[in-house]
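Worksheet: the structure to be examined is printed underneath.
Read-outs throughout are calculated quantities, based only on the coordinates presented, and are distinct from any laboratory measurement. Computed from a prediction, not measured in an experiment: that's the story for all the values here. All Cβ positions, glycine included, derive from the backbone under ideal geometry; neighbour counts span all protein chains shown.
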Protein chains: 2
Amino acid sequence: MHKYFSITELTREFGVSTRTLRFYEDEGLIHPERRGRTRLFRSADRHLIKEILRGRRLGFTINEIREIIEIYKGPPGELGQLQLMMTRVAEKRKQLNQKRQDIEDTLSELDHVDEACLARLAELRVGS
Amino acid sequence: MHKYFSITELTREFGVSTRTLRFYEDEGLIHPERRGRTRLFRSADRHLIKEILRGRRLGFTINEIREIIEIYKGPPGELGQLQLMMTRVAEKRKQLNQKRQDIEDTLSELDHVDEACLARLAELRVGS
DNA sequence: ACTTTCTTTTACGTAAAAGTCAATTTATTG
DNA sequence: CAATAAATTGACTTTTACGTAAAAGAAAGT
C-alpha cells in the first residue's frame, strides 16, 4: 500500500524535474513530509501536483494557481469568509469561461483551415 | 470608414501597452504600415492582435502563437506542405482539447466548492 | 567497503514577455 | 511658430518559472 512517493517517482509520473517540485514546495503549494532531510510525498501531495500542472497548462501563473488551491481547501466557517470565497469562485469561473470561449474560437478557426486544406488536396488529386 | 488605427487606439481597445504591440511587431507577428516612422494599423493587424491575445490568454508562448498564426495564413499549394500543415493543425487541436478538458475538470471542482459553500451558508442561516 | 543512485541545500543563470526610462521626432493646435 | 502632446527607438530592468552546477549526506545493491 505504497504510502509514500519519492520525488523522482513523481517527476517521472508527471514529466517534471525535481527542481520544479521543490520550487512548488518553496512556493508553499505542496507540503511533503520529511524523513531526515528527504521529502516524502503522500497521495494528497500527488493530487495537488496534478492540480498545479493542470493550472499550468491553462496558462495560470503560480499565484493564480495558489488562489485556486486555496479555494479547494474547503469552505471556511465564518460568513464573511464564505462570501469572499464565493466571490473568488465566481471570478475564477469567469476566467475559465473566457478561456473556454477562446478555445472554441481557435478550434473553429482550425476547422476552417482544415477544410481549406482538404479542398486544396481534392484539387490536387483531380490535377488542377 | 476609418481605414487606419493608431497604436494608442489599439492599446486602449485591447488593454495592452504600446511596448507590447511593438514587441509583437519585432517578433514578426504583425506588420503595421508606416507613414514616416509612425505605425498605421489596418484591420488585418487588429484582427491578428485579437488572435495573439487569445493565444496569450490560453498560455501559449509567442512561438506557439506564431505557429498558430502561420497556420491561419492559408493552405499552401504543394502537397508535402499541405500534409505538414494538416499535421500541425492536428497537433494544435490536440493541445486545445487537453486545455478544454482541464477547464472542464477545474470548473467541476469549482462547482463542488460552490455547493459546499452554499451548504455551509444554509447551516449558518438555520443557526447551527 | 565500494560504487551507484538519489537526494539535499545553496547559489547563480536564463529565457520569455514585457515594463520603464531617456532622448528624439513628429504632429497638432492655439 | 512655439508649445504641447503623441510616437519613436534603444537600452536597461523586472518578473516568472524554472535550469544548472557544486558539494555533500543518505540508501541500496554487489
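In this assembly of identical copies, the label point of A:GLU104 (Cα plus 7 Å along Cα-to-Cβ) is separated from its counterparts by 1.4 nm, sorted shortest first. Relative contact order of chain A, taken over Cα pairs closer than 8 Å and 6 or more residues apart, is 15 percent. Note on the protein assembly as shown: Rg/Rh from C-alpha atoms, Kirkwood Rh, equals 1.07. What is the distance, in nm, between label points placed 7 Å from the Cα along the Cα-to-Cβ direction at B:VAL126 and at B:TYR4? A separation of 6.9 nm, rounded to one decimal place. For the rotational copy pair B/A, the chain B residue whose Cβ lies nearest the symmetry axis, together with its distance in Å, is B:GLY59, 1. On the principal axes of its alpha-carbon atoms, segment B:1-73 has extents of 32, 24, 23 Å, going from largest to smallest.
Please work out whether chain A counts as rounded, prolate or oblate from its C-alpha gyration tensor, where a ≥ b ≥ c are the square roots of the eigenvalues and a/c under 1.5 means rounded, while otherwise a/b larger than b/c means prolate and anything else oblate? Because a/c hits 1.5 or more and a/b fails to exceed b/c, chain A counts as oblate. Taking a sphere under 12 Å around the Cβ of A:ASP111 and counting the other residues whose Cβ falls inside, with K and R at +1 and D and E at -1, yields a net charge of -3. Label points for A:SER17 are taken 7 Å from Cα along Cα→Cβ. From this copy to the others they lie 2.8 nm apart, shortest first.
With the simple model of a label 7 Å out from the Cα in the direction of the Cβ, B:LEU79 to A:PHE23 spans 4.5 nm.
Distances between copies at B:ILE62, taken between label points 7 Å from Cα along the C-beta direction, are 2.2 nm in increasing order.
In chain B, a dipole from Cβ-located charges (positive for Lys and Arg, negative for Asp and Glu) runs towards its positive end, and of B:LEU29, B:ILE62, B:GLN81 it is B:LEU29 whose Cα lies farthest in that direction.
If you put +1 on each Lys and Arg Cβ and -1 on each Asp and Glu Cβ, how big is the dipole of chain B around its Cα centre, in Debye rounded to 20?
For this selection, approximately 840 debye.
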